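Bear in mind these aren't lab numbers, they're just calculated from the coordinates by the rules spelled out. This is a predicted model, so every value here is computed, not measured. Note: ideal-geometry Cβ built from the backbone for every residue, glycine included; neighbour counts use all protein chains shown.
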Amino acid sequence: MDPRDERQWVTFLHLSGFAGYLIPFGSIIAPLVMWLLKRDQSALVDDQGKESLNFHLSMLLFYLISIPLMFVFVGFFTAIAVLIVEIVFMVIAAVKSNEGEVYRYPVTIRFVS
């Protein structure tokens, strides 16, 4: 795969998490589909696809942890914090990957390796 195309796919992989704001579970489905389509064509797309998928699975887990905490009102603050962290790190990852850097999300549990 051409390096420009590779960077473009990786950038879209990271930005595909915004699909979750339009479609239920879109933040997991979109990176998963993109990763499955292009993982055999590029090692960078394979690596960053796993990274994006792991990040969004981790964010889903953190949202799910926030739900029972809402009964003691702490969950509202944790859910807002997770939302802000998710948006900020998705944008940072997209910018870094567009510059050709390999990005590792912080606070990510490695579900897919």
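Taking the Cβ-Cβ separation of Val74 and Tyr21 as r and a Förster radius of 25 Å, what is the calculated FRET efficiency to the nearest 0.05? Please list the in-between numbers first.
On the way: r = 24 Å, r/R0 = 0.94.
For Val74 and Tyr21, the calculated efficiency is 0.60.
Around Trp9, under 14 Å between beta carbons, what's the net of Lys plus Arg minus Asp minus Glu among the other residues? Please report the intermediate quantities before stating the final value.
Numbers: positive: Arg4, Arg7, Lys38, Arg39, Lys50; negative: Asp2, Asp5, Glu6, Asp40, Asp46, Asp47, Glu51.
Summing Lys and Arg as +1 and Asp and Glu as -1 gives -2.
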Quote the charge dipole size of the chain about the Cα centre in Debye, to the nearest 20; the model charges only the Cβ of Lys and Arg (+1) and of Asp and Glu (-1).
-> 220 debye
Would you mind classifying the stretch 51-95 by shape? Square roots of the alpha carbon gyration tensor eigenvalues, ordered a ≥ b ≥ c; an a/c under 1.5 is rounded, otherwise it is prolate if a/b is larger than b/c and oblate if not.
-> oblate
Along the stretch 96-113, what does the Karplus equation 6.51 cos²θ - 1.76 cosθ + 1.60 (θ = phi - 60°) give for ³J(HN,Hα), rounded to whole Hz, x for Gly and Pro?
-> 4, 6, 5, 7, x, 8, 8, 10, 10, 6, x, 6, 10, 8, 7, 7, 9, 10
By per-residue mean of other Cβ atoms within 10 Å, what is the highest-first order of 61-72, 95-106, 2-13, 27-38?
-> 27-38, 2-13, 95-106, 61-72
In degrees rounded to 10, the 0-90 angle between helix 43-69 Cα long axis and the longest Cα principal axis of the chain is 10 degrees
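Could you compute how fast the stretch 12-113 diffuses translationally, taking Rh as the Kirkwood radius over C-alpha pairs and applying Stokes-Einstein at 20 °C with viscosity 1.002 mPa s? Give it in µm² per second.
Details: Rh = 13.9 Å.
Reported coefficient: 154 µm²/s.
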Specify the angular offset, from 0 to 90 degrees and rounded to the nearest 10, of the alpha carbon long axis of helix 3-15 from the longest principal axis of the alpha carbons in the chain.
-> 10 degrees
³J(HN,Hα), Karplus 6.51/-1.76/1.60, whole Hz, each residue of the stretch 84-90, x for Gly, Pro | 5, 4, 4, 5, 4, 6, 5
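With runs of 4+ DSSP H residues as the only contributors, calculate the mean residue ellipticity of the chain at 222 nm using -39,500 (n - 2.57) per run, divided by the residue total and rounded to the nearest 500. Write out the running numbers ahead of the final one.
Details: 4 runs with 78 residues, N = 113.
Only helices count here, giving -23500 deg cm²/dmol.
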Measure out, as a whole number of angstrom, how far apart the alpha-carbon centroids of the stretch 12-53 and the stretch 79-105 sit.
-> 13 Å
Contour minus Cα-Cα span, Met1 to Phe111, at 0.36 nm per residue, comes to 36.9 nm
